[in-house]
Structure formats: structure tokens, C-alpha cells
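A.B. asks: Before anything else, here's the structure in question.
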Amino acid sequence: MAGRNSLYIPGPTNVPQRIRNAFAIEQQDMRAVDFPEFTQPLFEDLKKIFKTEEGRVFVFPASGTGGWEAAITNMLSEGDQVLMSHYGQFSWLWVQMCKRFGLNVIEEEVDWGDGVPLKRYAEILEADKGKKIQGVFVTHSETATGVKSDVAAVRKILDELDHPALLFVDAVSSLASMDFRMDEWGVDACVSGSQKGFMLPAGLGIVGISQKGLEAERRSTLHRSFFSFEDMIASNDTGYFPYTPNTLYLKGLRESVDMLLEEGLENVYARHRRLANAVREAVKAWGLSLVAKHEDLYSDTVSAIRVPEGFDGNEVVRHCYKHYDLSLSVSLGKIAGKAFRIGHLGDLNELMVLTPLIGAEMAMKDLGMDIELGSGVAAAQEYLRQK
Ligand SMILES: *Cc1c(COP(=O)(O)O)cnc(C)c1O
């Protein structure tokens, strides 16, 4: 097929040419005497992306899932009570991982379309008079449903109760795209990956840990080896890694961090908000709705769009791929078939964000849905030219 695939899934995202160029180099000597001159400023600048001054950032040759494992195994002990909730595929998988590691999970099941259950968290934490709960978990942007959760509000609950539990946040599909403040929100573990806001291929688990999280590491007894913070700290402090790092990814990450800081994080967040709003205008014009139940819950990186009764959202995705070389994302788990997803994060501008709208409109019409061609696209165009 001529032309190129249009990739609008919530990770991997488009890799900008600047980053691809950073990959197109010779292999690097990761024990060279000048290697720390490259790594140490990178570790420092990564902290700016997490908005942490007191914490530190680890880069593992892994994916976001590896980042979860690193945070859990370094900071918790077998049998520890943890408070978790699931409201989509990723928050659910995180719960499964904690169970596999023998944690005692207090599990709140939430409707897909809602976010972290603040009221239930407050009740459960308040009832925990002995302060036995060691960790509280939030998925900031639930990629399966396009729902954003209020991390700052969870911190507020913990502070008001003077509860010492560690705050674990999955920011895989929000960091470097949506407002995130590790220090201000008192996040103890912030998990991210390379293939979403960082605009790299999949291959890095990037994890921010607070001082309190690093202290917890000294007490925690879960087994870790490849993901050991202790080993990482010992090597990183001298500018090296405990094993062969994927150096080309680090070069790409350097470029990514530069691009994000050059644009300015606030501008990056505003751009994602604006492009997401354009997608939401299109959804409204189609007469459809999002899985996310109300505006405060809208994620700016991914939209899960409900299809009308009697239609299959995953058929829309297959049709787009087959006929228009457009990659959208299927709906998973509890909402499988009920929706389709558009990823709108990373290296993206106005005209690029119209592309998935054009294709989705055509596919929905092809499949017999009552959609007027151009309606969503025009609504998005109007929004983008006025704001
Ligand atoms: C993508 C994603 C993950 C998983 O990351 P992998 O890199 O696929 O391991 C976890 N959580 C969220 C919210 C995600 O979007």
C-alpha cells in the first residue's frame, strides 16, 4: 500500500524525526570514562519532567509494566496491605501484579468510566486506625477508558488523616503529556514508560521515587534482582548502570527530554488539552459519547468513544486498519466492543489530530452508523481555528 500507516493508538506514539536520528548512530561504550558526562545530566533533567527535586528517577530497560514491578518489589513486603482500585484494564492488571507478589490487596471495583473512588479511599483509610495500609495506588490516566483520576485529591486524603501509606501512581499514559507534579502531590512512586508521552519506541520503564520511597526500599523484603533500586543507585551515582543499558534509547531519551523542555511542560500539557478538546468536539458532533462519565474525568491523551447499541467498536478499528491504513485502538475487558479508542498524545499537532477523525467517520459510515461525513471533522476544525 502506498503512503504510510496513520498511528493513533495510545502508545506506541509517533517517534519524531529528531528522536529517530538520535537512534541512528553507532553503538555506545557504556563503560567509557566520559559516559557519566552524558548520563548524569540526563538523570537530573528527567527529574524536571516528573517535577521532583527531592526524588530520583530510575531508567530500566523494560516497559511500563517493568516499572510497576520495580516500584512494588522495592518498596513493599510480602503480606503488606495495599489499597487499590480498578476502573479499566491497566488498573486491573496492576492489581493482579500486586496479588502475584503476595500483597494483601484491598480491592475496590469501580465502574469503567469512573476514576479513583475518593470517597471509598477516604473511608477505608480513616477506618485503618492502626495505619496498617502500606501503599495506596492510583492510575492517573486509565488508558483503557480515557479516564483521568485526581492524584492530588488522594494525597489530600492521606495528609488529612496523617496516614503514612506510600502513594503509587501509574502515569504511563499521562507523564510528559498531562499536568503531573510528583513533589507537590507527594507521589512516592511514579511509573512511566518510553512509548507514550516520551515519544520513543517501547523499551524503557522510567520510574520516579521520592525520598520516602527510597527509605521504604531499605525496609522492604520482597525479592528483586534485575529491578533492584539498590544496585541501580550504586551504579547510577557514578554515572553507570549495573548491567548493559540500552544506550541508544538513552540517546533518544536525551532528545525527548530536550524537546519537552524546549517546548515547555506547561505548553506540552496545553497542546494535549487543546488537541483532546478537538477530538471531544468531534465526538459530540457525531452524537456519540465518551466512556469517561463526565468532563472532570476526561483524559487528554486518549479518548474511548462509545458506539451505538448494535454496533461493534472493535469492528470500527478493524475496518479503519484494513481500508484506510489507520490504526485506532480496540476496547478491552468489560467494555470490549462497546467503544473504540483514539490515542492523541506525543508528537502531534492540529492537522495530525484531524486524521483519525476523518478515518473514523468514514469507517463508521461504511459500517452503517448514522454519521454525517465531515460532521466531526468540521466541529474539530472550528474548535481548532477559534482557540
Ligand atoms: C501502556 C500502559 C501501561 C503498560 O505499559 P507497557 O509499556 O505496555 O508495559 C500501564 N499503564 C498504563 C496506564 C498504560 O497506558
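A.B. asks: Among the residues of region 244-260, is any of a type in the set (Val, Ile, Thr) and assigned to a loop (DSSP other than H, G, I, E, B)?
C.D. replies: Yes; the residues of region 244-260 include at least one that is of a type in the set (Val, Ile, Thr) and assigned to a loop (DSSP other than H, G, I, E, B).
A.B. asks: List every residue pair whose Cβ atoms sit under 6 Å apart, with the two residues 6 or more apart in sequence or on different chains, where the first one lies in region 2-16 and is within 24 Å of Phe90 (Cα to Cα) and the second, anywhere, is within 15 Å of the ligand (Cβ to nearest atom) and of a type in the set (Val, Ile, Thr).
C.D. replies: Tyr8/Ile342; Pro10/Thr143; Pro10/Val302
A.B. asks: Check Gly197, Gly203, Gly186, Gly208 and return the single one that is closer than 24 Å to Ile19 by Cβ and surrounded by fewer than 24 Cβ atoms within 10 Å (Cβ to Cβ).
C.D. replies: Of Gly197, Gly203, Gly186, Gly208, the one residue that is closer than 24 Å to Ile19 by Cβ and surrounded by fewer than 24 Cβ atoms within 10 Å (Cβ to Cβ) is Gly203.
A.B. asks: What residue, of Ser289, Ser228, is among the polar types (S, T, N, Q) and either open to solvent by less than 20 Å² (accessible area, probe 1.4 Å) or in contact with a Phe, Trp or Tyr (Cβ under 9 Å, 6 or more places away or on another chain) (or both)?
C.D. replies: Ser228
A.B. asks: Hey, could you check region 151-192 for residues that are within 13 Å of the ligand (Cβ to nearest atom) and aromatic (Phe, Trp, Tyr) and say which is nearest to Gly208 (Cα to Cα)?
C.D. replies: It comes out as Phe168.
A.B. asks: Since Ser77 meets every condition but one in (1) open to solvent by 60 Å² or more (accessible area, probe 1.4 Å); (2) away from the ligand (no atom under 16 Å from the Cβ), which condition does it not meet?
C.D. replies: (1)
A.B. asks: Which residue out of Pro201, Pro245 is within 27 Å of Ser303 (Cβ to Cβ), in contact with a Pro (Cβ under 9 Å, 6 or more places away or on another chain) and in the same structural domain as Met84 (by TED's automatic domain parsing)?
C.D. replies: Pro201
A.B. asks: Could you tell me whether region 172-180 includes any residue that is without any contact (Cβ under 8 Å) to a residue 40 or more places away in the chain and in the same structural domain as Gly64 (by TED's automatic domain parsing)?
C.D. replies: No, the conditions are met nowhere in region 172-180.
A.B. asks: So which of Ala176, Ala144, Ala153 is at positive phi and touching a helix residue (DSSP H, G or I) at 6+ places or on another chain (Cβ under 7 Å)?
C.D. replies: Residue meeting the stated conditions: Ala176.
A.B. asks: On the basis of being surrounded by fewer than 23 Cβ atoms within 10 Å (Cβ to Cβ), among the basic types (Lys, Arg) and within 16 Å of the ligand (Cβ to nearest atom), does Arg100 make the cut?
C.D. replies: yes
A.B. asks: Something else: Pairs under 8 Å by beta carbon, first residue in contact (Cβ under 8 Å) with a residue 40 or more places away in the chain in region 48-61, partner acidic (Asp, Glu), six or more apart or different chains?
C.D. replies: What qualifies is Lys51/Asp183; Lys51/Glu184; Thr52/Asp183; Glu53/Asp183; Glu54/Asp183; Gly55/Asp183.
A.B. asks: Could you give every pair whose Cβ atoms fall below 6 Å, whose first residue belongs to region 78-94 and is farther than 17 Å from Leu166 by Cα, and whose second residue is hydrophobic (A, V, I, L, M, F, W, C) and not in a loop (DSSP other than H, G, I, E, B), counting only separations of at least 6 or pairs across chains?
C.D. replies: From residues that are farther than 17 Å from Leu166 by Cα, the pairs are His86/Trp92; His86/Val95; Tyr87/Trp112; Gly88/Trp112.
A.B. asks: Within region 54-74, can you find the residues that are part of a loop (DSSP other than H, G, I, E, B), within 16 Å of the ligand (Cβ to nearest atom) and in contact with a strand residue (DSSP E or B) (Cβ under 6 Å, 6 or more places away or on another chain)?
C.D. replies: Ala62, Ser63
A.B. asks: Further question: Looking at (1) part of a helix (DSSP H, G or I); (2) crowded, with 20+ Cβ neighbours inside 10 Å; (3) touching a residue at least 60 places away in the same chain (Cβ under 8 Å), can you tell me which one Asn277 breaks?
C.D. replies: (2)
A.B. asks: If I filter region 201-223 down to residues being more than 13 Å from Val172 (Cβ to Cβ) and hydrophobic (A, V, I, L, M, F, W, C), which single residue comes out as nearest to the ligand (Cβ to nearest atom)?
C.D. replies: Restricting to residues being more than 13 Å from Val172 (Cβ to Cβ) and hydrophobic (A, V, I, L, M, F, W, C), the top hit is Ile209.
A.B. asks: Go through region 329-347 and report how many residues are open to solvent by less than 10 Å² (accessible area, probe 1.4 Å), assigned to a loop (DSSP other than H, G, I, E, B) and within 30 Å of Gln386 (Cβ to Cβ).
C.D. replies: Residues in region 329-347 being open to solvent by less than 10 Å² (accessible area, probe 1.4 Å), assigned to a loop (DSSP other than H, G, I, E, B) and within 30 Å of Gln386 (Cβ to Cβ): 3 in total.
A.B. asks: Counting just the residues of region 127-150 that are among the charged types (D, E, K, R) and within 12 Å of the ligand (Cβ to nearest atom), which one comes out farthest from Met97 (Cα to Cα)?
C.D. replies: Lys148
A.B. asks: Something else about it: Being of a type outside the set (D, E, K, R), open to solvent by 30 Å² or more (accessible area, probe 1.4 Å) and in a helix (DSSP H, G or I) is the filter; apply it to region 1-53 and report the residue that is nearest to Tyr249 (Cα to Cα).
C.D. replies: Ranking the qualifying residues of region 1-53, first place goes to Phe23.
The values are calculated or read from the model by the stated rules, or taken from the named source; none is laboratory data. Owing to the predicted nature of the structure, the values given are computational and were not obtained by experimental measurement. Virtual Cβ from ideal backbone geometry, glycine too; neighbours counted across all protein chains shown. Note: accessible area is taken over every heavy atom of the protein model, side chains too, but ligands, DNA and RNA are not part of it. Shrake-Rupley method; radii C 1.70, N 1.55, O 1.52, S 1.80 Å.
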